[in-house]
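Beneath this line is the structure, given in structure tokens, with notes to follow.
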Amino acid sequence: MSAVLDKPRAKIAPKATKSALQTRLDAIFSNLKLGQEKLQLAHQSVEMTDPGEAAEILLRTVIEDMLPAALAPMHCEPLARADVDAAYTGMFPALAAIEGVIALSTGQVIETTLREAFAHLDAANAWMDFTDMGDVLPHREDTTEADRGDKDLAVRSPAAAETENVAGRIFDAYERTLEARAILDARVSEMNTGAAYGARSLVDVAVDVTSEADATNTRDNCEYASCALHEAIEVLTLVTNETPDLAAQGARALLLLAKGLFDSSLEALP
């Protein structure tokens, strides 16, 4: 018999199995990747056919601003429980906005792609709820000062990096307000309630005030803009609570984003 055959065979080490944590993280990142790819496909289609329309505007904002900002904490190293929790709650406005795009695209070619994108992102969001897994991720106090320094750099979303200065953030807030008005323009006649038209009028006021803030970059005008946005958001919230409309909820998410940009600008203004 061959010496090779006579030689005792080495024991094969058992394959390492993934931990429950790694399996969940893989599911999260896989669904996030697939969902964002589907959104990009839908946007490429609508950008060619209906550029500047409400659905295209809202979808572009989701892709370029809302999702990157919401998901930035997931790229922190080491990933802590607070990072996942922040991304979990931060995705809610983006998911609401995607539902708004779906409502605006009912019956169109991109509707199926948008629904597939939403399903992936919603699944990722559900996996981000770690309440059933206990303390499988480190808490923030378990990370070092160096880790926290790295996190501060990591959480800056692409949108935030582009609006590093106050003037840039104010301009972005004005743009978001314009986009919210465009969406309401497309939906208010179908909602057809006095409250909906009232909310639309308040958004008109907000556009004027945010335009002035963008032109001057002064604290007073930014405070006026924040107040005008607050009023529009409050009324639009009442409207969407009484007459649910996914597109109007997307417009509300844009107004919230605009107000957040103004409020962060106020902290830096003299």
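The values are calculated or read from the model by the stated rules, or taken from the named source; none is laboratory data. Only a predicted model underlies this, so the values are computations on that prediction, with no experimental measurement involved. Reconstructed Cβ throughout: ideal geometry from the backbone, glycine too, with neighbour counts over all protein chains shown.
Pairs meeting the criteria (first residue in segment 120-132 and in contact (Cβ under 8 Å) with a residue 40 or more places away in the chain, second residue of a type in the set (Val, Ile, Thr), beta carbons under 8 Å, at least 6 apart or on different chains) are 121/98; 124/28; 127/28; 128/28; 128/84; 130/84; 130/136. If you check 186, 180, 215, 251 for being surrounded by fewer than 20 Cβ atoms within 10 Å (Cβ to Cβ) and either assigned by TED's automatic domain parsing to the domain that holds residue 70 or touching a residue at least 60 places away in the same chain (Cβ under 8 Å) (or both), only one passes: 186. State which residue is surrounded by the most Cβ atoms within 10 Å (Cβ to Cβ) when the search covers only segment 218-247 and only residues that are touching a Lys or Arg at 6+ places or on another chain (Cβ under 8 Å) and within 17 Å of residue 175 (Cα to Cα). Restricting to residues being touching a Lys or Arg at 6+ places or on another chain (Cβ under 8 Å) and within 17 Å of residue 175 (Cα to Cα), the top hit is 229. Of the residues in segment 185-203, none is under 19 Å from the mean Cα position of the chain (by Cα), among the β-branched types (Val, Ile, Thr) and within 25 Å of residue 95 (Cβ to Cβ). Evaluated against (1) surrounded by 23 or more Cβ atoms within 10 Å (Cβ to Cβ); (2) at pLDDT 85 or above; (3) under 19 Å from residue 179 (Cβ atoms), residue 104 falls short on exactly one condition, (2).
Looking only at segment 227-270, residues that are farther than 18 Å from residue 65 by Cβ and part of a helix (DSSP H, G or I) come to 17 in all. Specify which of the listed residues (94, 72, 55) is surrounded by 21 or more Cβ atoms within 10 Å (Cβ to Cβ), assigned to a helix (DSSP H, G or I) and modelled with pLDDT of 90 or more. Exactly one of 94, 72, 55 is surrounded by 21 or more Cβ atoms within 10 Å (Cβ to Cβ), assigned to a helix (DSSP H, G or I) and modelled with pLDDT of 90 or more, namely 72.
For residue 42, the stated conditions do not hold, so it cannot be described as at pLDDT below 90 and out of contact with any strand residue (DSSP E or B) (no Cβ under 8 Å at 6 or more places or on another chain). It is to be established whether one or more residues within segment 19-31 are within 26 Å of residue 172 (Cα to Cα) and crowded, with 17+ Cβ neighbours inside 10 Å. There is no residue in segment 19-31 that is within 26 Å of residue 172 (Cα to Cα) and crowded, with 17+ Cβ neighbours inside 10 Å. One residue alone among 181, 200 is in a helix (DSSP H, G or I), within 17 Å of residue 62 (Cα to Cα) and charged (D, E, K, R), and that residue is 181.
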